[in-house]
Amino acid sequence: DSDTKPFQKLLFLVRDWDRPQNFAFGSRGGKALIDTRLDIKEKHAAELKTLRQSILSCFSDIDGFLLPHPGQKVARETSFDGRLADINEEFREKLKELVPSVLAPENLLVKQVNGKNLLGEHLMTFFRTYVEVFKGSDLPEPGSILLATTNATNMAAMDKARAHYMSGMRNRPRRNLVKLREFHRVKLAEAKKVFNDFPKMGGDAMSHTSMDVLIKDLDGLFSDFIKEEEEIIQKEQEEEAKRERERQEERKREEQRQRERILEKQKAEAREAEMKREREAMKEKERKMHEEEAKRESERQEERK
């Protein structure tokens, strides 16, 4: 919502206030002073009106606090090291009012954007953004802070959407590019919803620009996933092709061994048949020799008779 005020509270802290008769020290006088100074009047120049309008539009709650002079030891002595004893009593009393108003647990605000609480990780995005804004030698303009806040809310939304996408992609389908592309489309749609649901500033124009950057970023991440998966698939295909070649070579070797076994068996059968023929021939020869011997024996017997 571009009409939502980006900041929750602004406290103007004025030290060395020297007109307590007009505005009393403390929060009540400070609030009255700031309300007076931020009041927009017709006589103001255009730039002063714009400045006041910018401040009023940036903060939901604007307060002031007036502190007296802390004393000469604080202002003039270089040896001052922060000891309370060296600070004027009146100043110390007002500190006792100021510090709890800022740091008491009941006064610490949970940071919000568009009425929604921020997580610590998202708050870090704001810190990094504000460091960039305030690191120069000059104080930034309210408009610069507003732009920085707008950018920070969109960056936080992008970070959350990106984290959701990456978390989902840890369970992505493997070794199937068709299913992987479909899974990416689902997770990309979820990331877009996370981005759209996140509280942001800057209106539709800023959201559309940030969404385009997010989609480009996630598509880039997906390209890396695709490349990684293609490399895995290619490697597995090459390994499977290698194993298939090895299996084919092994089948060829087995076929060769089978042929050699068949040939060896045929040779053994041929040798056995040859030996059988030789044995039969030997038996036939022995039979004939016995017959001839018997015939000669018969002839000798006839001769003796």
Looking only at region 45-73, which residues are within 28 Å of T149 (Cα to Cα) and free of Cβ contacts under 8 Å to residues at least 24 places away in the same chain?
A45, A46, E47, L48, K49, T50, R52, Q53, L56
I'd like to check something: does region 258-280 contain any residue that is under 30 Å from E182 (Cβ atoms), hydrophobic (A, V, I, L, M, F, W, C), in a helix (DSSP H, G or I) and free of Cβ contacts under 8 Å to residues at least 24 places away in the same chain?
no
List every residue pair whose Cβ atoms sit under 9 Å apart, with the two residues 6 or more apart in sequence or on different chains, where the first one lies in region 112-126 and is acidic (D, E) and the second, anywhere, is buried (at least 19 other Cβ atoms within 10 Å of the Cβ) and at pLDDT 80 or above.
E121/A156; E121/K160
Residues K192, K179: which one is out of contact with any His (no Cβ under 7 Å at 6 or more places or on another chain), free of Cβ contacts under 8 Å to residues at least 24 places away in the same chain and in a helix (DSSP H, G or I)?
K179
Taking interchain pairs and intrachain pairs at least six residues apart, which have beta carbon atoms under 6 angstrom, with the first residue in region 233-250 and part of a helix (DSSP H, G or I) and the second modelled with pLDDT under 95?
I233/R175
Quick one: what pairs do we get from region 127-150, first residue farther than 19 Å from I62 by Cα, second assigned to a helix (DSSP H, G or I) and acidic (D, E), C-beta under 8 Å, 6+ apart or different chains?
A148/E132
Which condition number in (1) closer than 28 Å to R52 by Cα; (2) under 19 Å from the mean Cα position of the chain (by Cα); (3) among the hydrophobic types (A, V, I, L, M, F, W, C) is the one that F134 fails?
(2)
Looking at region 34-145, what helices (runs of 4 or more DSSP H) fall wholly within it and have at least 1 residues that are basic (K, R), under 17 Å from D16 (Cβ atoms) and out of contact with any strand residue (DSSP E or B) (no Cβ under 7 Å at 6 or more places or on another chain)?
72-76, 89-103
Extreme residue, farthest from L10 (Cα to Cα), among residues of region 116-160 that are of a type in the set (K, R) and modelled with pLDDT of 80 or more:
K160
So how many residues does region 181-231 have that are among the aromatic types (F, W, Y) and farther than 20 Å from T150 by Cβ?
3
Looking at D18 and the list (1) under 28 Å from F127 (Cβ atoms); (2) surrounded by fewer than 16 Cβ atoms within 10 Å (Cβ to Cβ), which single condition is not satisfied?
(1)
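The values are calculated or read from the model by the stated rules, or taken from the named source; none is laboratory data. Note that this is a predicted model, so its numbers are computed, not measured. Cβ sites come from the backbone with ideal geometry, for glycine too, and all protein chains shown count toward neighbours.
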